[in-house]
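To start, the structure itself, in structure tokens.
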Amino acid sequence: MKNLMAFLCTIIAVSALSFTSVSGQNAVNIKGKVLDESKQPLTGVLIIPNPGKPEYTDEYGIFNISASKGNITITLRYLGNEDIIIEQTIKSESIDMGEITMNEKSILLKEVNVSGTSLPYKSSFEGSNYYVSPLQLKKIQPISTEEVLKTLPGVNVLGDMGLSNRLNVSIRGSWGRRSEKVLMLEDGSPISPAPYTAPGIYYNPISDRVDGIEVYTGADILRYGPNNMFGIINYITPKPPQQPGLRAKISGGQRGYFTGLLSYGGTWNKVGSQIEAVYKRFDGFTKNSSVDMINLNAKIFAELAENQSIYFKISGQFEDNQATLSSITPYTFKIDPTEGPFDADRFTMHRYGLDIIHKWVPDATSDLTTKIFASDFARDWWRQNNTVIKAANVRGYVGEEIFSQRYGYLDGKTFGQDDYVRVGSITNGRESTADSRWHFTVAAIEETFSKKWSSETWSNNLEAQIKLYSETYKDQVLNADSTRWARSGRFTTDLAYDLQSVSGYVRNHFVIHKFEITPILRIEKVWMNREDRLALARNPNLTSDKDLARVNEYSIFQPGLTLGYQFTNLKVFGSAYKGYIAPSKYFAFLVERDGVLVNPLSAEDLSNVKPEVSLNTELGVRGEIIKGRLSGQVAVFNNRISNFYVAGWNEYFDKLAVLNLGGFEAALRYEILPLGGDHKLSIQPNITFLRSKVISGELVDRHLFTQIKHTAATKQEFVDKVNANPSGYDVFIKLNGADVKINRAITTEDLNNVSKTVYKFGDGGIKDGVTPYAPEIAYNVNLYYTYKKFGIGFGYNFVGDQFAEFANFEHESGDGGVGKIKSFHTFDANINYDFEINNIRCTLFAAAKNLGDDVFVASRLNRGQSGIMSGGFRQINAGLNLMF
């Protein structure tokens, strides 16, 4: 770290001398600002003066070029846009060309169009949305994408280990574990290993290769795919640069943090291409949580003709991580939140991705876009089998050798009755392990047709799409009881899933004067299959391959409508649509019988299991409140889910629930100092208010007292809740092998024999239940100052109290699996300096994350299986970005 800082300081000194030596050589200065069709700045536009030296527009779309007096020709060139040629005679010492608007070519693809807008939203999307620009990413220099996502309204990031390579994001109150109820995209293509069957995020792009982030929450998300109940996150990667060149980035920091990026790309004639390699490693915030990641990718965008273009992208990501599901208990957290005893846990994966897009524009009013995307994902996750025991018993349970190696922090400590520690399970004197082995493939082709009509007073844009989609998923579990270091074993699970779907939508955007009407209808038919190959292998009565699979199929119709009215600088909008979450492996192969989801009988029809559906509404306004100074978006929203099933880690609504999630969001940006000067100062506050309620439903929890290690406080809290509202709970004990309901006031002693609990929400039951990971308030404030090539920023993030489960425990269990997560906050700071040495454009940067080093409970993602996930550790990084 010291050597890196010394090197960077030397670079600053050299750059200062270099700048001084050339600053007086330019006789004439020409400046201007380049905008796109929506009047947002374009970054990286090539400005070619003849005669003169080529330059590029900066993050604000501004350029400054040097030339000699006399006649000059200036060419503006930007991939996918029409060239602009300006001829001018220069007589004065300086000239301001003002704003120059570039027009997109009709063959430009949205997948290669990165906006440089400073607005916190994209005006091209109908309905509420939020946007993070390349400039914001440059300022933040995030070590992971979750660091950026947590700043956006409506988004709640649940802490986990690593660098968000297993992202846990909630939007507007969705269940956030592995972002299972959010559709995640990269350049418009899904990145979940299996978006329908297993939508959890186990691949997340390295933040250094992300150039923009979009979050969509309005009715227009019906254009993108399944799991559209709450929202969509789309990562945008850089398009090929205009000028051929080499980019190198290196950064390092505490805890062995290192990132190296190398890319080369450019545009030759009408073909833009780029190849890129990124390596990132990190020792982790806790022990035994290191991360090694490599991403290789290449892309080409080519204008085949005046009316045709093609885009090709291929990528591969490889990870080798010390990752575990099993974190720490409250007692361990209190002593040392960096502890992590499971040194043999290991997560390895690969993901290959392919995108091919062709656009044909037969005439000025219509176009046809063909898209093919595919991915292959495989992982091995070896995790040591573990258990939670009283802290006082650890030494005797694990033995002196293991105790001294991994639990020495307990030596000399005193223990209370409710103090627990998570340790590796010991059976016959040996530790053991298990492997969760997954393999997924995804392939799809889609055709999108667009047709425009217009007159002087109205315009109409019709869009229609059809998509054919397929995914496969192999789910295997291996157990090994010889050692925690085993990397092979016997199969205990061998499941195979496959899914096919046909979907399409029709959308019409109609504008008359200042009114906008956008109806949309999405239709989908899905076929799912599941095979239990181990069980089938043991069945001697199979007569044909028709006996192999358990089959489900369903259809979904999703209407949506967005209305808008455009004032001079503001747009008022409202939308309503039917959202849905695809039935995943957890409940797609159950049946609904008498209002309860149960395992099917032999040959029972599975087609009555439907997707979770919702009615989503919103009303908002966005635009420039004060021209050139204050802009933003505010919205109120309400999502009502009518048949909610998956409630969390081992929590399910056997009688489907009705949930309501509503709130208010705001994203604002205020330019404290007027734009146009050397000094720029802006503040960007974002805020979310969220209210959630479980209106009805019955949740069955078989692990609350069979797996969770309760304290005296959590036991008493539960007893008080049940006895105060006996019609809201059913408590069962195991008697002669059967679950028997307790029909009296319960005591804490009864809890030692509980086999399952049922929470009964609604009239006559629990009326004030709220959903987990839905804080009532969260806000973020960013302040940024720039002077010429220097910039410095500060960020503050606050997240309010949130429950970790539907039981809404206030107190914390001994294993950390249940209990309210208290509010927390973080402070961040960043600094960067742009300079040039011998035509090499350089950016020197440093970023400090969580300056207060105030460690907090970030989540209880895996409930009793893991306990507490820690967050809030200070991390300071610095680096250098070079453009040759």
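The values are calculated or read from the model by the stated rules, or taken from the named source; none is laboratory data. Everything numeric here is computed off the predicted structure, so don't read it as measured data. Here the Cβ is made from the backbone with ideal geometry for all residues, glycine too, and neighbour counts use every protein chain on show. Areas reflect the complete protein model, heavy atoms only, side chains present, ligands, DNA and RNA absent. Shrake-Rupley method; radii C 1.70, N 1.55, O 1.52, S 1.80 Å.
Excluding the site residues themselves, the longest part of the chain lacking any trypsin sites (Lys or Arg not before Pro) in a DSSP loop with at most 12 other Cβ atoms within 10 Å is 92-412. Of the peptides 396-402, 292-298, the ranking by mean beta-carbon count within 10 Å, highest at the top, reads 292-298, 396-402.
Placing pseudo-labels 7 Å out from each Cα toward the beta carbon at Ile314 and Leu561 gives an inter-label distance of 4.8 nm. Among rounded, prolate and oblate, which fits the range 183-271 when a ≥ b ≥ c are the square roots of the eigenvalues of its C-alpha gyration tensor, a/c under 1.5 means rounded, and a/b larger than b/c means prolate? Taking the square roots of the gyration eigenvalues as a ≥ b ≥ c, the range 183-271 is oblate. Of the listed values (1) 45.3; (2) 53.0; (3) 39.1, grab the one calculated as mean projected area of the Cα convex hull in nm² from the structure here. Matching entry in (1) 45.3; (2) 53.0; (3) 39.1: (3). For the chain, the solvent-accessible area of protein heavy atoms averages 40 Å² per residue (probe radius 1.4 Å; ligands and nucleic acids excluded).
Segment Thr747..Gln254, full-extension length gain: 172.5 nm, with 0.36 nm per residue of separation and the alpha-carbon distance subtracted.
Helix-only mean residue ellipticity at 222 nm, the chain, DSSP H runs n ≥ 4 weighted -39,500 (n - 2.57), per residue, nearest 500. What is it? Spell out each step's value before the answer.
Values: 8 runs with 68 residues, N = 884.
Result for the chain, helices only: -2000 deg cm²/dmol.
Within the range 272-342, the GluC sites (Glu not before Pro) that combine a DSSP coil assignment with at most 12 other C-beta atoms in a 10 angstrom radius are Glu306. Shape of the range 337-404 from the C-alpha gyration tensor: prolate (a/c of 1.5 or more and a/b above b/c, with a ≥ b ≥ c the square roots of its eigenvalues). Simple spin-label estimate for Asp854 and Val502 gives 5.7 nm between the two label positions (7 Å along the Cα-to-Cβ direction from each Cα). Using the Cβ-Cβ distance between Asn428 and Arg691 with R0 set to 51 Å, the FRET efficiency works out to roughly 0.45. The long axis of helix 2-22 is offset from the longest Cα principal axis of the chain by roughly 20 degrees.
Of the GluC sites (Glu not before Pro) found in the range 789-867, the ones in coil according to DSSP and having at most 16 other Cβ atoms within 10 Å of their Cβ are Glu810. The figure for Met97 is an accessible area of roughly 40 square angstrom, using a 1.4 Å probe on the protein chains alone.
Apolar share of the accessible surface for the chain: 56 percent from carbon plus sulfur atoms, 1.4 Å probe.
Taking all protein chains together and a 1.4 Å probe, the residues Ile466, Ile641 rank Ile466, Ile641 from largest to smallest accessible area. For the residue pairs Lys474/Lys525; Lys299/Lys514; Lys53/Lys105, alpha carbon separations beyond 28 Å are given by Lys299/Lys514.
When the chain is fully extended, how far beyond the present Cα-Cα distance does Ala392 get from Ser642, taking 0.36 nm per residue of separation?
Fully extending the segment from Ala392 to Ser642 adds 85.3 nm.
Potential lengthening of the chain between His439 and Lys31 amounts to 141.5 nm, from the contour at 0.36 nm per residue minus the alpha-carbon distance. The distance from the alpha carbon centre of the range 473-497 to that of the range 627-674 is 39 Å, rounded to a whole number. Here Trp360 sits with roughly 110 square angstrom of accessible surface, probe radius 1.4 Å. Here the range 798-857 was treated as a single set of alpha-carbon atoms; its pair distances binned every 5 Å from 0 give 4, 14, 15, 12, 11, 9, 8, 7, 6, 5, 4, 3, 1 percent. Candidate cross-link partners of Lys680 among the lysines, defined by an alpha-carbon separation under 22 Å and a same-chain spacing of 8 or more, comprise Lys31, Lys33, Lys39, Lys138, Lys139, Lys627, Lys788, Lys789. Hey, what did the chain get for relative contact order, percent, Cα under 8 Å, at least 6 apart? Computed value for the chain: 10 percent relative contact order.
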